[in-house]
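The values are calculated or read from the model by the stated rules, or taken from the named source; none is laboratory data. Worth saying up front: this structure is predicted, and the values here are computed from it rather than measured. Using ideal geometry, Cβ is built from the backbone for each residue, glycine included, and neighbour counts are taken over all protein chains shown.
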Amino acid sequence: MAIYKAPLDDIKYLTNEFLDTSPLSDITEFSDMTADLTDAIFDEASNLGEKLLFPLNRSGDEQGCQLNDGEVTTPDGFKEAYQEMSEGGWGSFTCHLEFGGQGLPHYIANSVDEMIISSNISFSIYMGLTIGAYNAIHKFGTEQLKQQYLPNMVTGKWSGTMCLTESHCGTDLGLIRSKAIPQDDGSYFISGSKIFISAGEHDLTENIIHLVLARTPGAPDGIKGISLFLVPKINPNKDGSLGTANNVSCSGIEHKMGIKASATCSMEFDNSRGYLIGELNKGMKAMFVMMNSARLHVGIQGLALAQASYSSAVDYAKERLQGRALTGVKQPTKPADPLIVHPDVRRMLMTMKAYTEGSRALSSWLSLQLDISHCATDQATRHQADELVSLLTPIIKAFLTDIGEIVTSLGIQIYGGHGYIRENGVEQYLRDARICQLYEGANGIQALDLVGRKLPSHMGRSLRHFFHPVADFLEHHQANKELAAFVQPLAKSFSRLQNATLMIAQKGLKNPDEAGAAASDYLRLFGLVAMGYMWAQMAEQAHPKEGIMSKNFYDSKIKTGLFFMDRILPQTGSLLSAIMAGSKSTMALDEAFF
Ligand SMILES: Cc1cc2nc3c(=O)[nH]c(=O)nc-3n(C[C@H](O)[C@H](O)[C@H](O)COP(=O)(O)OP(=O)(O)OC[C@H]3O[C@@H](n4cnc5c(N)ncnc54)[C@H](O)[C@@H]3O)c2cc1C
């Protein structure tokens, strides 16, 4: 059976030692974030994840959600668990104190989220979407809307959604047809059909606050004519009590490959009363502001499922007895040795471990940059962090969710045929992980965002915010013998990344298909270098072996990091070759021959 063991040591190490939180040291809200407090939060989150949410993961997958007469029922146990998590404030970590939230930084909240997602990704989606909607209302809503809606969203009494997709438009949101007709009182009547809306309808909360993209009469065509509206399922009265239903209904739920306990709904809005969020025709701008944290969150979903799969695979590889070690019998009293003695099984376990810990370091570091971009007192520091977050967000979203797929597939391979059998629980992780590569902007679109928008942004300044620290690190350690096994492969891969960047900049300007054809390989190359940089820094910290963790912990970090450098980072060589080959062979075949 699948098990889940929260990676508490790694999370505590990253939070308390790896991350340089000094740019936040003068922020009074964060001043009580001592290691004792954060460790206690992490301990309790792992406890809730392992004991409350993980036991509902398999049953939720089997049972799924049900739709009857427009009402969606979540699987058994979800309602009670939601109640308990909401009462404990687990959904409102990053929400602002003035609305009843806890005002915690993302670099802490995201580690808590990782544990919740690993335990039960479907469950986590209900809470995660509420935060997405909260953020949009908080950033762009009027004071009145904020006072009316945010406190109940913070307590979890009301949940939130993001209603973008329609049947004819997913990536290309400029094609949206939903309408918003202005009313005399300043509100709008929203009409239209949305599909694939996560948590669009469910039985966990008494009200659902939808954020809907729609078009007003006479708005410009395409993306420039889209506005964002807040549309409650039930209109609240002035005193906060629930009033009349708002003509919002669920006409269907999807039967899906994974995340089956998360209700994916077709939603109908029929002259439903809505309120403008942000400026008219600037709905996409409002959405883009939210995207950094939402996409980082989806990247963490990839990491979380990788961790869940790894926990089970390690357990299984130590228990399952098959064959004898190539170098001689390891457990003579047993009929066979455990799987973990075999080099090929170790290759898979080490790949899972190196990717998972590397992903955690990368996402924790980016979460901290997000906090710095919001809160640092110095404006230049805030700007720099903001540009770095923008640059790296598509990489975290796509690279970490691709890793989620790779690792959860390896998890099945380690179980052999038993991994393919539903009752053993690990095939669910792969099914659940697959959606992360698709929603919140498909991974191919992330790659286009990286090469088309992020590389050239501010004349390459965003790129330099990443390239310069890597170059400085390499220069600083070029004669460091202890770190040579990290510094040399990183230097080689970094130079490949620089070459690929130059090629894309030069050829992409002349022919955009060149950049388009190279984009996904380039994103992966960039992700590998960024992860290599994380591993090299962790190795730098681990070498003196005098930190807050045990000697074994640092020893394990160095050995896992060496595996990443030896066996994974060299992929940058083949990626560079593929990028340099250009778009010719990709585009040569006439459409008729497909
Ligand atoms: C389970 C689930 C939950 C979801 N939850 C929500 C939700 O809560 N709210 C919401 O609004 N939506 C939601 N979605 C929708 C999701 O965000 C979209 O499915 C996604 O954006 C992709 O759109 P699409 O499916 O129409 O694919 P398409 O846009 O048709 O794309 C198909 C493929 O073509 C590629 N492609 C498209 N255009 C280009 C281009 N210009 N250049 C290169 N490649 C391109 C894409 O990368 C993709 O691989 C959900 C979807 C699912 C399945």
Can you confirm whether residue 575 is over 26 Å from residue 367 (Cα atoms), surrounded by 22 or more Cβ atoms within 10 Å (Cβ to Cβ) and not charged (D, E, K, R)? yes
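Taking the residues in the range 111-131 that are away from the ligand (no atom under 16 Å from the Cβ) and not hydrophobic (A, V, I, L, M, F, W, C) as candidates, determine which candidate is nearest to residue 86 (Cα to Cα).
Just the residues of the range 111-131 that are away from the ligand (no atom under 16 Å from the Cβ), to begin with: 111-116, 118-119.
If we keep only those that are not hydrophobic (A, V, I, L, M, F, W, C) as well, we get 111, 113-114, 118-119.
Working: 111: 18, 113: 14, 114: 17, 118: 18, 119: 16 Å.
Here the answer is 113.
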Given (1) in a helix (DSSP H, G or I); (2) surrounded by fewer than 18 Cβ atoms within 10 Å (Cβ to Cβ); (3) touching a residue at least 24 places away in the same chain (Cβ under 8 Å), residue 318 misses just (3)
Between residues in the range 499-512 that are in contact (Cβ under 8 Å) with a residue 60 or more places away in the chain and residues that are surrounded by 14 or more Cβ atoms within 10 Å (Cβ to Cβ) and among the hydroxyl-bearing types (Ser, Thr, Tyr), which pairs lie under 7 Å by C-beta distance while being six or more apart or on different chains? 500/522; 504/522
Looking for whichever is without any contact (Cβ under 8 Å) to a residue 12 or more places away in the chain and of a type in the set (Ser, Thr, Tyr) here; the options are 59, 46, 31. Which one fits? 31
State whether the residues of the range 160-169 include one that is crowded, with 18+ Cβ neighbours inside 10 Å, closer than 19 Å to residue 99 by Cβ and more than 16 Å from the ligand (Cβ to nearest atom). no
Which one of these is surrounded by fewer than 23 Cβ atoms within 10 Å (Cβ to Cβ) and within 28 Å of the chain's Cα centre (by Cα): 494, 526, 486? 494
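For the range 239-254, enumerate the residues that are more than 15 Å from the ligand (Cβ to nearest atom) and touching a residue at least 12 places away in the same chain (Cβ under 8 Å).
240, 242, 245, 246, 247, 249, 251, listed by residue number.
Got at least one residue in the range 480-502 being assigned to a loop (DSSP other than H, G, I, E, B), assigned by TED's automatic domain parsing to the domain that holds residue 521 and out of contact with any His (no Cβ under 6 Å at 6 or more places or on another chain)?
yes
Of the residues 473, 466, 486, only one is closer than 20 Å to residue 400 by Cβ, away from the ligand (no atom under 16 Å from the Cβ) and modelled with pLDDT of 95 or more; which? If you could, list the steps in order and put the result at the bottom.
Details: 473 fails: closer than 20 Å to residue 400 by Cβ; 486 fails: closer than 20 Å to residue 400 by Cβ.
Answer to the selection: 466.
Suppose we filter the range 187-221 for residues that are among the small types (Gly, Ala, Ser) and farther than 24 Å from residue 139 by Cα; how many remain?
Just the residues of the range 187-221 that are among the small types (Gly, Ala, Ser), to begin with: 187, 191-193, 198-200, 214, 218-219.
Add one more test, that the residue is farther than 24 Å from residue 139 by Cα, and what stays is 191-193, 218.
Final tally of qualifying residues: 4.
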So the check is Cβ under 7 Å with 6+ separation or different chains; which pairs have a first residue in the range 422-439 that's touching a residue at least 12 places away in the same chain (Cβ under 8 Å) and a second one that's more than 15 Å from the ligand (Cβ to nearest atom) and in a loop (DSSP other than H, G, I, E, B)? 424/1; 424/2; 425/1; 425/2; 426/2
If we scan the range 34-50, do we find a residue that is under 23 Å from residue 129 (Cα atoms), out of contact with any Ser or Thr (no Cβ under 7 Å at 6 or more places or on another chain), modelled with pLDDT under 95 and in a helix (DSSP H, G or I)? no
Would it be correct to say that residue 276 is over 14 Å from residue 228 (Cα atoms), more than 14 Å from the ligand (Cβ to nearest atom) and crowded, with 21+ Cβ neighbours inside 10 Å? no
Any residue in the range 350-366 that is farther than 23 Å from residue 135 by Cβ, out of contact with any Pro (no Cβ under 9 Å at 6 or more places or on another chain) and among the charged types (D, E, K, R)? yes
Small (Gly, Ala, Ser), assigned by TED's automatic domain parsing to the domain that holds residue 231 and within 16 Å of the ligand (Cβ to nearest atom): which single residue out of 156, 174 fits that description? 174
Report the residue count in the range 399-411 for those that are in contact (Cβ under 8 Å) with a residue 60 or more places away in the chain and either more than 14 Å from residue 303 (Cβ to Cβ) or buried (at least 24 other Cβ atoms within 10 Å of the Cβ) (or both). 9
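So that you can scan it fast, the table gives a plain yes or no per residue for (1) within 16 Å of the ligand (Cβ to nearest atom); (2) in a helix (DSSP H, G or I); (3) buried (at least 21 other Cβ atoms within 10 Å of the Cβ):
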{"residue": "334", "(1), (2), (3)": "no, no, no"}
{"residue": "362", "(1), (2), (3)": "no, yes, yes"}
{"residue": "368", "(1), (2), (3)": "no, yes, yes"}
{"residue": "397", "(1), (2), (3)": "yes, yes, yes"}
{"residue": "431", "(1), (2), (3)": "yes, yes, no"}
Considering each residue of the range 372-388, count those that are surrounded by 24 or more Cβ atoms within 10 Å (Cβ to Cβ) and modelled with pLDDT under 95, and give that number. 0
